[in-house]
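Trainee: Would you mind keeping the following structure in view while I ask a few things?
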Amino acid sequence: MNINIAAQIARTHLLAKKRQTLVAMLGVTFGIAMFITMISFMQGVNQFLEDSALDASPHIRVYNEVNTQRPSLIDEQKPGGFNVVYHQKPKDESARLKNGLQIAERIGREAGVLGVSPQVATQAFYNNGPIQLSGTISGVDIDRENRLYKLTNRLKSGNLNTLKTNPDGLIMGTVLARKLNVRIGDKVTVTTPTGSTRILRVVGTFGFGVGTVDNTKSYANLATVQEILQRDPSYITDIHVKMFDPLQALPFGQKIRAVYGYYTEDWATANTAILAGEKIRNMLTYVVSITLLVVAGFGIYNIMNMTVINKIKDIAILKATGFDGRDVVAIFLLQAVFIGFTGGLLGLAIGFGLSYLLSITPFDAGDFLSIKTFPVIFDGTYYGLGLLFGIITTVLAGYFPSRKAAQVDPVSILRG
Amino acid sequence: MSTVLSARHLNKFFYDPDTFQVLKDVTFEVQTGEFLAIVGKSGCGKSTLLYLLSTMDTDYDGEIDMAGTTLTGRSQNFLAQFRNEHLGFVFQFHFLLPEFSALQNVMLPGLKLGRYPEKEIEERAMEKLRLIGMADYARKPASKLSGGQQQRVAIARALINDPTIIMGDEPTGNLDRANSENVFRIFQELAAKGQTIITVTHDPDFAAGTDRIIEMSDGKIISGHENSHRQTH
């Protein structure tokens with residue numbers, strides 16, 4: 001088999017039917033361009049959602065689950081007996097992590113830990129005049145919290161340091177602040193479930209771009225929240241941990257649970273919905289892209305089949321003059337590969353253009369999402385993958401007509 | 001003089017629509033440098049015989065040897081290679097690849113064989129075209145040539161690899177008298193230089209000028225006499 005002659009013949013065939021070649025190419029081009037655009041956009045969305053979820057939530061959260069269910073004493077003593085207990089009250093259990101501050105210190109010294117923030121979190125009602133909204137308030141050491149969540153970048157107004165100098169300061173989620181109609185300097189009444197009340201002054205607002213946080217959460221000083229709850233200075237309900245590598249959080253969380261005996265929740269568990277959504281979007285991207293490519297593949301298959309039928313005399317002449325089956329396969333397969341490769345390259349360029357246009361298209365996501373344009377990821381892997389898919393499709397689509405061409409019986413054609 | 005082709009007990013059937021024996025126990029030999037014409041009425045099996053000899057039709061009983069090689073039972077790829085190197089064809093109806101120029105058409109089998117570098121193949125192709133009087137049309141696309149011109153280019157193509165045997169199915173069928181005579185003269189010269197020519201023809205004048213005529217009827221060879229002028233050589 002001589003690949004040079006095959007290539008020369010393939011080129012002549014392609015150039016002789018420029019329009020047909022172009023149409024076949026455009027099929028692949030369209031498929032690949034859509035693949036690139038879709039996958040870049042979908043991955044951009046995935047990345048954006050993952051980032052915003054990971055930014056706003058700890059990699060590991062250590063807490064004490066207050067479990068109110070317990071069997072009655074009689075049930076414990078005489079299991080299986082005919083026991084009737086009315087109106088049993090749950091046991092009074094505290095959400096406190098015993099030695100929480102010390103545990104936080106020790107976790108902070110472990111390898112791979114970016115930061116630890118021990119805090120007191122509680123439900124709270126925010127009152128401003130007649131407006132009453134429920135939310136949560138977290139008492140934190142603001143420097144430690146800042147290290148975990150980069151609060152400085154998230155501040156919409158105010159200053160973190162004000163909180164340190166003002167014991168009654170409050171940094172509030174933007175949406176919550178707007179709903180309460182408060183700005184920096186305004187006062188808000190905070191009521192805890194235990195009934196205690198305190199008036200705090202808003203010193204800043206923050207926005208993570210995540211609705212569940214911006215809508216409900218406020219930061220206050222650790223000592224202040226402990227005071228509102230009428231607890232001692234060692235009262236800690238949550239420890240938030242961030243790792244350098246988010247994937248390390250899963251085994252590390254289990255380790256913490258084993259060592260300290262408290263419940264842990266890692267980011268993957270906390271964001272199951274986001275991760276599931278990611279899988280579904282990926283699936284969708286691949287299904288649509290592969291469908292497009294298969295359609296393009298059928299287009300090429302049709303065109304190659306037609307070419308083979310049109311060229312059946314030529315094939316007979318080539319065979320008569322000593323070209324064998326492999327040469328004929330090479331001639332037609334090369335045409336398919338050329339169509340796939342050039343169409344694919346053009347598709348990559350158009351796909352890049354479309355993704356770029358999408359990435360600069362303004363997109364108003366409202367308060368919940370902190371983006372100005374559509375999220376798009378530019379990753380060379382997708383472009384490589386797109387070209388690979390394009391070539392595989394065209395080779396498959398070109399192979400069967402080529403084989404048919406190789407099996408042409410020259411005698412029946414040449415005898416006329 | 002050595003035997004370049006021997007066909008032994010060739011039988012060939014057509015099965016569609018009815019079983020029909022088109023060749024009946026055909027046996028003959030051809031010597032190196034012989035200029036042979038196969039004649040007979042339409043449907044006598046002469047074209048079928050030629051396509052068996054061309055190695056393209058492999059569905060037959062019997063045995064064919066050519067240029068010291070047994071060709072019966074060989075793979076398609078082996079036969080393609082053999083055709084490329086040892087056989088040249090001129091067909092009755094179909095001649096050239098329409099997208100290529102006359103020159104490229106002549107060059108293709110040479111490029112496939114790869115015996116010479118491309119430059120030299122081009123020179124040789126030009127020389128063959130000159131021989132056949134088509135040098136002026138070398139750069140023209142084959143689709144722009146008339147039937148007769150195409151057939152002449154096809155003859156040049158058949159010669160490009162200096163094949164051991166040149167086969168033609170009515171090789172001068174589309175040519176006028178002058179060109180027909182020119183082709184005939186070329187074939188004679190080639191035969192004199194040791195290449196073997198086998199043609200199927202209806203043209204009694206053409207047949208009369210050859211070294212030997214095999215006459216076929218109803219699938220059988222009825223006579224294989226040498227022409228009288230051969231002795232004068």
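Every read-out reported here was derived from the displayed coordinates using simple, explicitly stated rules and does not represent laboratory data. For clarity, every value in this text was computed on a predicted model and none was experimentally measured. Quick reminder, even Gly has a Cβ in these numbers, built from the backbone with ideal geometry, and neighbours come from all protein chains shown.
Trainee: Going by the alpha-carbon gyration tensor, a ≥ b ≥ c the square roots of its eigenvalues, is the protein assembly as shown rounded (a/c under 1.5) or, if a/c is not under 1.5, prolate (a/b greater than b/c) versus oblate?
Mentor: On the way: a/c = 5.07, a/b = 3.51, b/c = 1.44.
Cα axes put the protein assembly as shown in the prolate bin.
Trainee: Would you tally the net charge around A:Asn128, using a Cβ to Cβ cut-off of less than 9 Å, leaving A:Asn128 out, and scoring K and R as +1, D and E as -1? Don't skip to the answer; put the middle values down first.
Mentor: Working: positive: A:Lys187; negative: A:Asp186.
Once all neighbours under 9 Å are counted, the net charge is 0.
Trainee: Within 10 Å of each residue's Cβ, count the other Cβ atoms and sort A:Ile274, A:Ile171 from fewest upward.
Mentor: A:Ile274, A:Ile171
Trainee: Can you pick out the pairs among B:Lys12/B:Lys220; A:Lys156/A:Lys179; A:Lys17/A:Lys319; A:Lys156/A:Lys372 whose Cα atoms lie more than 18 Å from each other?
Mentor: Listed pairs above 18 Å: A:Lys17/A:Lys319.
Trainee: If you average the sequence gap of Cα pairs under 8 Å that are 6 or more apart and divide by the length of chain A, what percent do you get for the contact order?
Mentor: Working: 709 pairs, mean separation 114.9, N = 416.
The normalised contact order for chain A reaches 28 percent.
Trainee: Now for a different question. What helices in chain A pass both tests, a Cα length along the helix axis of 24 Å or more and a mean Kyte hydropathy of 0.0 or higher, using whole DSSP H runs?
Mentor: Values: long enough: A:18-56 (56 Å, 0.76); A:272-310 (57 Å, 1.12); A:325-359 (49 Å, 1.58); A:380-406 (38 Å, 0.76).
Result, helices passing both filters: A:18-56, A:272-310, A:325-359, A:380-406.
Trainee: Additional query: Pick from A:Asp232, A:Asp92, A:Asp75 the residue whose mean-square fluctuation is largest in a GNM of chain A, springs joining Cα atoms under 10 Å.
Mentor: Between A:Asp232, A:Asp92, A:Asp75, it is A:Asp75 that shows the largest mean-square fluctuation.
Trainee: Let me ask something else about it. How crowded by other chains is B:70-77, given as the mean number of beta carbons from other chains within 10 Å of each beta carbon? Spell out each step's value before the answer.
Mentor: Working: counts 0, 0, 0, 0, 0, 2, 6, 5.
Taking the mean over all residues of the peptide, I get 2.
Trainee: Go ahead and estimate [θ] at 222 nm for the protein assembly as shown from helices alone: -39,500 (n - 2.57) per DSSP H run with n ≥ 4, summed, over the residue count, rounded to 500. Working shown, then result.
Mentor: Details: 24 runs with 314 residues, N = 649.
Per the formula, -15500 deg cm²/dmol.
Trainee: Considering only the other residues whose Cβ falls under 14 Å of the Cβ of B:Ser2, what net charge follows from Lys and Arg at +1 and Asp and Glu at -1?
Mentor: Details: positive: none; negative: B:Glu29, B:Glu34, B:Asp65.
Cβ neighbours under 14 Å give a net charge of -3.
Trainee: Hey, fewest Cβ within 10 Å first, where do A:Lys242, A:Lys164 land in order?
Mentor: On the way: A:Lys242 21, A:Lys164 14.
By the 10 Å Cβ count, ascending, the order reads A:Lys164, A:Lys242.
Trainee: Right, here's the next one. Averaged across the residues of A:9-19, what count of C-beta atoms belonging to other chains lies within 10 Å of each residue's C-beta?
Mentor: Numbers: counts 6, 0, 1, 6, 3, 1, 1, 6, 1, 0, 0.
Counting other chains' Cβ atoms within 10 Å and averaging over A:9-19 gives 2.
Trainee: Per-residue mean of other chain beta-carbon atoms within 10 angstrom of the beta-carbon, peptide A:309-316?
Mentor: Working: counts 0, 0, 3, 0, 6, 6, 1, 3.
Per residue, the average neighbour count from other chains is 2.
Trainee: Cut-off is 10 Å between beta-carbons; in what order do A:Arg144, B:Arg157 appear when sorted fewest neighbours first? Mind dumping the intermediate values first?
Mentor: Numbers: A:Arg144 18, B:Arg157 28.
Listed from fewest to most nearby Cβ atoms, that is A:Arg144, B:Arg157.
Trainee: Here is a further query. If you take every residue apart from B:Pro109 with its C-beta less than 12 Å away from the C-beta of B:Pro109, what net charge results, scoring Lys and Arg +1 and Asp and Glu -1?
Mentor: Numbers: positive: A:Lys319, B:Arg83, B:Lys112, B:Arg115, B:Arg124, B:Lys128, B:Arg157; negative: A:Asp327, B:Glu85, B:Asp162.
Once positives and negatives cancel, what remains is +4.
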